[in-house]
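Quick note: the coordinates plus some simple rules give every number you see, no bench work behind them. All of these numbers come straight from a predicted model, not from anything done at the bench. With ideal geometry, Cβ positions are generated from the backbone for all residues, glycine too; neighbour counts draw on all protein chains shown.
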Amino acid sequence: MRITAAVAREKFGPFTIEPVELTDPRPDELLVKVVASGMCQTDQHGRDGYYNTPLPAVFGHEGAGIVLAVGDRVTKFAPGDHVVMSFPWCGTCPNCRRAMEWHCQKNFDLKMRGTRPDGSTLMSQNGEPVYGAFFQQSSFATHAIANERFAVKVDKDAPLDLLGPLACSGQTGAGAVLNTMQPRQGDAFAVFGVGAVGLSGLMAAKIAGCDPIIAIDLHAHRLTLARELGATHVLDRADRADVVQEIRRITGEGVRFSLETSAQPLVLREAIDVLMPGGTCVLLGSAPTGTEASFDMPFLQFGRVVRGVIQGESHPQTFIPTLVDFLQQGRMPIERMITFYPLAAINRAAQDSSNGTTIKPVLRMPD
Ligand SMILES: [Zn+2]
Ligand SMILES: [Zn+2]
């Protein structure tokens, strides 16, 4: 069928809105009318060649929409269902068999190669392939083909145009807290960097009853929002020479949990240095290969843990509906961090996101 998509034709070039031909769903696939899609830095990195995704390509991996048609082996979805499309995994590698699908050993290809697992493409123009299947969805388009395994059915009463970001940034930040850290009431928590991922973690820390909740950032407008969303203390780097000292002053012995979202070695060092004995620092920021950071060895010896977390260690089929419940209860007001753009304004959305004006851009698709 003929759809409209934001096509990336060259590295660092603009996205262009173009008609594209989309294939029919296979027996295990869904045809989804995309209502809205969040935009992540990963989409721009994809366009810019970080993952060697071939061009031209359609990116987008935080899609929410309505099922229009299902393949004849699909049993869990029917036309009319509301879905969020989440990250893909193979289901058969050693990590998938241990239910660690976020560490699927084939996940890089499944997310980035621009094709289905068997190498087939989903989109074309004048008989030439347009690479898509980004995270097995390519949601910067009016329609997407999604495998039923990675689609998550959500409550029809929930505001569908807000739900796409739960698939990546929301799940990543909130999952790092609720699935990995599992804080108890009254645990001290610090988040370094309050973009979409950091704020999602912060809202989860509030749900878990953490206290104090300390947010550190460079942007005053983000810190204002962090406070409104539950931070008990905010530290603006612009007027604070020693963040570690200040956090120790607030907490006494340090924090039980710290969340690092900036991917800066010096910030990671701070996120480790604020830990109390037995505390855990979770690293979410993705730094370029070869980036090194340092820590004090005796400090770590006292049971302090530093670990990376991918996709919030979330099982999307259960975790995304949990986050939707929080949203509907007003406990995870992600609308506070979202700015909507029409698909046609995708280049402005990308720019606003890169320069920090917008925390979380969400593209609304034309009818
Ligand atoms: Zn796997
Ligand atoms: Zn993402």
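Listing for the model above:
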{"read-out": "Mean-position separation - Cα centroids, the stretch 344-358 and the stretch 61-88, in angstrom", "value": "28 Å"}
{"read-out": "Tensor-based shape of the stretch 171-213 (alpha-carbon gyration tensor, a/c under 1.5 rounded, otherwise prolate or oblate)", "value": "oblate"}
{"read-out": "Rounded if a/c under 1.5, otherwise prolate or oblate - the stretch 20-162, Cα gyration tensor axes", "value": "rounded"}
{"read-out": "J(HN,Hα) series, the stretch 157-174, from Karplus relation 6.51 cos²θ - 1.76 cosθ + 1.60, nearest Hz, glycine and proline x", "value": "7, 6, x, 4, 5, 8, 8, x, x, 5, 5, 10, 5, x, 5, 5, x, 5"}
{"read-out": "Exposed-loop-free span, longest in the chain, where trypsin sites (Lys or Arg not before Pro) count as exposed if DSSP calls them loop and at most 15 other C-beta atoms lie within 10 Å", "value": "241-330"}
{"read-out": "Rounded if a/c under 1.5, otherwise prolate or oblate - the stretch 69-138, Cα gyration tensor axes", "value": "oblate"}
{"read-out": "Residues listed by number, the stretch 161-189, amide nitrogen under 20 Å from residue 246 label point at 7 Å toward C-beta", "value": "188-189"}
{"read-out": "Long-range HN-HN contacts of residue 143 with modeled amide H, under 5 Å", "value": "4, 34"}
{"read-out": "Antiparallel content of DSSP bridges confined to the chain, in %, to 5", "value": "60 percent"}
{"read-out": "Karplus-derived HN-Hα couplings along the stretch 328-338 (A = 6.51, B = -1.76, C = 1.60, θ = phi - 60°), whole Hz, x at Gly and Pro", "value": "5, 7, x, 8, 9, x, 5, 4, 5, 9, 9"}
{"read-out": "Packing-based exposure ordering (other Cβ within 10 Å, fewest first) of 353, 138, 294, 86", "value": "294, 353, 86, 138"}
{"read-out": "Listed residues 48, 157, 217, most fluctuating in the chain (Gaussian network, C-alpha, under 10 Å)", "value": "157"}
{"read-out": "Rough spin-label spacing in nm, given labels placed 7 Å along Cα→Cβ, for residue 239 and residue 263", "value": "3.1 nm"}
{"read-out": "Label-point separation in nm, residue 97 to residue 52, each point 7 Å along Cα→Cβ", "value": "2.7 nm"}
{"read-out": "Label-point separation in nm, residue 157 to residue 21, each point 7 Å along Cα→Cβ", "value": "4.4 nm"}
{"read-out": "FRET E, pair residue 357, residue 300, Förster distance 35 Å, beta-carbon r, rounded to 0.05", "value": "0.40"}
{"read-out": "Karplus-derived 3J(HN,Hα), 6.51/-1.76/1.60, for each residue of the stretch 243-255, Hz, glycine and proline x", "value": "5, 4, 4, 5, 5, 5, 5, 5, 9, x, 9, x, 9"}
